[in-house]
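Participant: Got a structure for you, written out below as structure tokens; questions coming shortly.
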Amino acid sequence: MFNIFKKKTSQDISHSAVPDHIAIIMDGNGRWAKNRKMPRIKGHYEGMQTVKRITSHASQIGVKYLTVYAFSTENWTRPKEEVNYLMKLPVEFMSSFLPDLMKNNIKVESMGFIEQLPEHTKEALYKVEQETKDNTGMKLIFALNYGGRKEIVAAVQLIADAYKSNDISLDDIDEELFSQSLFTKDYPDPDLLIRTSGEIRLSNFMLWQTSYSEFVFHDKLWPDYEPSDLDEAIHIYQSRQRRFGGV
């Protein structure tokens with residue numbers, strides 16, 4: 001999609017204007033595998049190797065928050081074998097990734113309806129979160145069993161409960177309170193949202209939080225995505241003027 005752009009390297013990026021928060025819809029694992037006549041799970045495995053590369057690079061160039069869409073609330077409808085593999089993947093992935101996370105001072109967190117995940121998936125997440133909790137560098141946030149609409153409904157329910165309990169009044173309900181009721185209450189809204197594989201849609205990802213994010217869509221399938229592609233997306237981001245509804 002961006003063949004008209006000269007490939008950028010990290011040296012071409014203005015490091016004073018690197019987005020604080022980048023969110024990525026990692027799309028195309030299944031198609032990557034299909035194109036190579038491999039099972040879909042092979043695509044997911046290779047996709048996680050890409051997560052390692054992009055995470056390390058994002059940390060090194062000064063990104064403060066990196067949120068990756070790893071599993072949506074709608075993904076449960078996929079074939080059982082694929083879902084089972086995806087739920088087991090964090091067990092192997094988090095263990096092998098931990099040395100790099102510690103080396104790069106990266107803190108891992110997760111968001112979504114985590115309590116609904118299988119026990120072994122939750123245990124793998126908890127372990128890496130505990131191991132990295134004292135790291136002070138970039139935060140890597142895995143959106144797992146996450147859906148934007150369900151998140152918004154859950155926030156409404158939380159606010160409604162607070163109102164019923166007389167903890168808040170109607171006048172207290174504003175955008176700030178709503179934002180503080182979301183999974184992302186501890187993070188700034190994404191400055192840049194990237195989606196791979198040529199698809200141009202949000203797919204129920206961070207619907208509230210991306211209202212003023214800059215979007216970059218890339219034709220590459222996620223397993224093929226390289227640090228230089230991230231640099232290119234950041235360069236495009238830096239070439240835009242963010243007005244937030246103003247002039």
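Participant: If you take the residues in region 194-218 that are within 13 Å of the chain's Cα centre (by Cα) and within 21 Å of GLY30 (Cβ to Cβ), which one is surrounded by the fewest Cβ atoms within 10 Å (Cβ to Cβ)?
Facilitator: SER203
Participant: I need the full set of residues from region 15-44 which are in contact (Cβ under 8 Å) with a residue 12 or more places away in the chain and farther than 24 Å from ARG201 by Cα, in order please.
Facilitator: HIS15, ALA17 - these are the residues of region 15-44 that are in contact (Cβ under 8 Å) with a residue 12 or more places away in the chain and farther than 24 Å from ARG201 by Cα.
Participant: From LEU66, LEU117, which residue is over 30 Å from GLN238 (Cα atoms), in contact with a strand residue (DSSP E or B) (Cβ under 7 Å, 6 or more places away or on another chain) and modelled with pLDDT of 95 or more?
Facilitator: Matching residue, one of LEU66, LEU117: LEU117.
Participant: In region 95-109, what residues are part of a helix (DSSP H, G or I) and under 20 Å from LYS122 (Cβ atoms)?
Facilitator: Here is the first cut: in region 95-109, the ones part of a helix (DSSP H, G or I) are 95-103.
Result: SER95, SER96, PHE97, LEU98, LEU101.
Participant: Another one. Among MET94, MET111, which is without any contact (Cβ under 8 Å) to a residue 60 or more places away in the chain and not charged (D, E, K, R)? So that I can check it myself, show each step before the final result.
Facilitator: Details: MET111 fails: without any contact (Cβ under 8 Å) to a residue 60 or more places away in the chain.
Answer to the check: MET94.
Participant: List the residue pairs whose Cβ atoms are under 7 Å apart, where the first residue sits in region 167-181 and is without any contact (Cβ under 8 Å) to a residue 12 or more places away in the chain, the second is small (Gly, Ala, Ser) and part of a helix (DSSP H, G or I), and the two are 6 or more positions apart or on different chains.
Facilitator: ILE168/ALA162
Participant: Could you check region 137-181 and list, in sequence order, the residues that are polar (S, T, N, Q) and more than 18 Å from THR210 (Cα to Cα)? Steps first, please.
Facilitator: Of the residues in region 137-181, the ones polar (S, T, N, Q) are 145, 157, 165-166, 169, 179-181.
Within region 137-181, ASN145, GLN157, SER165, ASN166, SER169 qualify.
Participant: With the condition kept exactly as written, say whether any residue in region 20-36 is in a loop (DSSP other than H, G, I, E, B), modelled with pLDDT under 95 and more than 17 Å from the chain's Cα centre (by Cα). Show your work before the answer.
Facilitator: Within region 20-36, the subset in a loop (DSSP other than H, G, I, E, B) is 20, 26-28, 36.
Pick out the ones that are also modelled with pLDDT under 95 and you get none.
No.
The values are calculated or read from the model by the stated rules, or taken from the named source; none is laboratory data. From a predicted model like this one, the values you see are computed outputs, not experimental measurements. Using ideal geometry, Cβ is built from the backbone for each residue, glycine included, and neighbour counts are taken over all protein chains shown.
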